[in-house]
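A short write-up of the structure that comes next.
The values are calculated or read from the model by the stated rules, or taken from the named source; none is laboratory data. From a predicted model like this one, the values you see are computed outputs, not experimental measurements. Counting neighbours? That spans all protein chains shown, and the Cβs are built from the backbone with ideal geometry, glycine included. Just the protein is used for accessible areas: all its heavy atoms, side chains included, with ligands, DNA and RNA removed. Shrake-Rupley method; radii C 1.70, N 1.55, O 1.52, S 1.80 Å.
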Amino acid sequence: MSSSPPSASPRAPLTPAHILVVGGGARENALAWALGRCPGVERVWVAPGNGGTAEVEGCEQLAVAESDGEGLLAAARERGVELVVVGPEAPLAAGLADALRAAGLAVFGPGADGARLEASKRWAKDLMVEAGVPTAGHWCVQSVAEGLAALERWGQPLVVKADGLASGKGVAVPDTLQECRQAIAEAFDGRFGAAATTVVLEERLEGPEVSVFALSDGERLVLLPPAQDHKRVGEGDTGPNTGGMGAYAPAPLLDAAGLEEARRLVLEPTLAALRQRGIDYRGVIYAGLMLTAAGPKVIEFNCRFGDPECEALMPLLGPELAAVLQACATGDLPQAPPLTIQPGCSACVIAAAAGYPGTPRSGDRLEGRPEARPWRQLFHAGTRRRADGACETSGGRVLALVAQAEEFDTAFARAYEGLAQVRFAGMHYRRDIGHQVRRRGQ
Ligand code: AMP
Ligand code: GLY
């Protein structure tokens with residue numbers, strides 16, 4: 001652990017001076033902020049960014065969609081970009097990293113082959129079974145009849161998952177057999193986005209969930225502090241699932257020994273299995289773990305940083321981050337300095353728009369801003385600039401308020417204090433984020 005502030009360090013070897021971050025959420029806002037702080041980084045472009053990216057010091061917004069591979073390549077070439085960091089899963093699954101790499105750019109983010117870890121639950125389950133990675137027992141079914149037959153044989157409600165990407169809405173966790181039958185029928189009927197052709201049924205596990213992120217250069221891994229997300233929209237973990245309403249790190253649920261166990265049981269065998277399949281995975285392996293009575297088990301893999309976990313994590317990472325991501329992108333982690341982790345706790349609370357997680361309302365004007373403090377960050381997500389320069393809502397999750405302190409109580413108090421200084425019509429947020437680690441209430 002190092003307590004030196006980022007600016008005290010000299011420029012690390014291999015630090016890219018010009019970086020392009022692809023994506024437009026609070027995750028990308030946080031990545032751009034953290035990379036822009038690394039000594040030696042001169043400019044960070046964010047495409048397409050959001051209403052807040054241009055306010056990040058050293059950052060510029062580029063009006064190029066994350067799905068526009070040719071536009072991104074042209075923009076990167078024109079600006080002398082040395083490293084591209086791809087935030088979201090959809091462009092990774094569509095092969096953006098492959099296209100940019102083929103054109104000679106260093107890219108942090110797996111190719112379409114590795115992104116299947118997230119883009120196909122069936123593929124990921126096969127890989128886990130092959131690699132002996134602990135996960136829930138499962139059945140892949142191709143029709144409602146096949147699904148119902150598997151359910152009757154099992155005799156207890158199963159978790160129902162669409163095989164492909166579904167923007168976080170591809171999972172049903174039914175409580176009864178009847179609800180489960182209905183979920184199977186709905187999964188084949190388009191409830192999980194496009195009507196599924198393959199559905200994964202999974203044994204239901206019990207236990208707290210924790211998110212573990214490993215940075216991979218294709219051969220080696222660097223693990224980040226574990227983080228905890230809050231998926232439900234309502235306080236007390238009630239109501240429908242969301243993309244995530246808040247997070248904190250490091251999650252004490254997984255101490256140093258637990259993290260090493262996760263490395264040994266989950267991340268190393270997964271990377272080895274990817275390599276065995278000829279996949280040179282350069283990016284984040286995100287393991288969503290459930291800590292069951294029988295040990296940690298993988299609930300899901302993602303091929304990117306978690307959102308909002310990334311927002312909580314970035315302020316804890318040292319000034320070597322840009323060099324470390326660059327070394328992952330070039331397949332040469334030993335070239336990078338060790339990534340230091342700042343001591344202390346980081347808390348993130350998400351403010352969402354009216355209607356979220358259903359259809360969110362757009363166009364509500366943002367007012368106020370948190371007082372500037374070295375230990376607090378405001379990251380934008382679903383926001384955009386109006387012609388008059390004002391900022392308005394344009395998505396479900398609108399803002400991430402992040403703060404650090406020695407203890408979680410203070411970190412959360414600082415985050416909530418910052419949130420109280422911002423307003424927009426319909427704004428809602430959970431007041432109990434971090435209840436697992438706070439001694440006092442809000
Ligand atoms: P996912 O979209 O894969 O992150 O799943 C959404 C949520 O469903 C997870 O965060 C878990 O809370 C829950 N879930 C997924 N798989 C299981 C399982 N096998 N057992 C219990 N809960 C699960
Ligand atoms: N925070 C959950 C996710 O990014 O999928």
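Observations on the model:
- Qualifying residue in the range 200-213 (condition: away from ligand 1 (no atom under 12 Å from the Cβ), open to solvent by less than 20 Å² (accessible area, probe 1.4 Å) and under 30 Å from residue 108 (Cβ atoms)): yes
- Some residue of the range 170-186 being without any contact (Cβ under 8 Å) to a residue 12 or more places away in the chain and open to solvent by 10 Å² or more (accessible area, probe 1.4 Å): yes
- Across the range 121-130, the qualifying residues are those that are of a type in the set (A, V, I, L, M, F, W, C) and either modelled with pLDDT under 95 or open to solvent by 30 Å² or more (accessible area, probe 1.4 Å) (or both), and the one among them that is nearest to the chain's Cα centre (by Cα) is 123.
- Of the residues making up the range 283-310, those that are outside any strand (DSSP E or B) and among the acidic types (Asp, Glu) number 2.
- Number of the condition not met by residue 118 [criteria: (1) in contact with a Lys or Arg (Cβ under 8 Å, 6 or more places away or on another chain); (2) surrounded by fewer than 19 Cβ atoms within 10 Å (Cβ to Cβ)]: (2)
- Residue that is nearest to residue 111 (Cα to Cα), among those in the range 306-330 that are within 16 Å of ligand 1 (Cβ to nearest atom) and open to solvent by less than 10 Å² (accessible area, probe 1.4 Å): 306
- Filter result for residue 306 (of a type outside the set (Asp, Glu) and more than 16 Å from ligand 2 (Cβ to nearest atom)): no
- Among the residues of the range 233-253, those identified as more than 13 Å from ligand 2 (Cβ to nearest atom) and of a type outside the set (D, E, K, R) are 233, 234, 236, 238, 239, 240, 250, 252, 253.
- Tallying residues that are surrounded by 22 or more Cβ atoms within 10 Å (Cβ to Cβ) and not small (Gly, Ala, Ser) within the range 101-115 yields 3.
- Pick from the range 49-69, criterion in contact (Cβ under 8 Å) with a residue 24 or more places away in the chain and over 22 Å from residue 377 (Cβ atoms), ranking: surrounded by the fewest Cβ atoms within 10 Å (Cβ to Cβ): 67
- In the range 281-295, of all residues being farther than 21 Å from residue 217 by Cα and open to solvent by 10 Å² or more (accessible area, probe 1.4 Å), the one that is nearest to ligand 1 (Cβ to nearest atom) corresponds to 290.
- Leading residue by the ranking (farthest from ligand 2 (Cβ to nearest atom)) among those in the range 185-230 that are modelled with pLDDT of 95 or more and among the basic types (Lys, Arg): 220
- For residue 197, the conditions (1) more than 12 Å from ligand 1 (Cβ to nearest atom); (2) under 20 Å from residue 302 (Cα atoms); (3) out of contact with any Cys (no Cβ under 9 Å at 6 or more places or on another chain) are fulfilled apart from (2).
- Answer residue from the range 234-277, given it is open to solvent by 60 Å² or more (accessible area, probe 1.4 Å) and assigned to a loop (DSSP other than H, G, I, E, B) and is nearest to residue 208 (Cα to Cα) among those: 253
- The residues on offer are 222, 160, and the sole one that is of a type in the set (A, V, I, L, M), farther than 20 Å from residue 303 by Cβ and either outside any loop (DSSP other than H, G, I, E, B) or within 11 Å of ligand 1 (Cβ to nearest atom) (or both) is 160.
- Note on the range 296-305: among residues that are closer than 26 Å to residue 91 by Cβ and not hydrophobic (A, V, I, L, M, F, W, C), the one that is farthest from ligand 1 (Cβ to nearest atom) is 304.
- Test for residue 349: is it open to solvent by less than 10 Å² (accessible area, probe 1.4 Å), within 16 Å of ligand 1 (Cβ to nearest atom) and either over 17 Å from residue 247 (Cα atoms) or of a type in the set (A, V, I, L, M, F, W, C) (or both): no
- Filter pass, residue 247 being within 15 Å of ligand 1 (Cβ to nearest atom), touching a helix residue (DSSP H, G or I) at 6+ places or on another chain (Cβ under 8 Å) and at pLDDT 95 or above: yes
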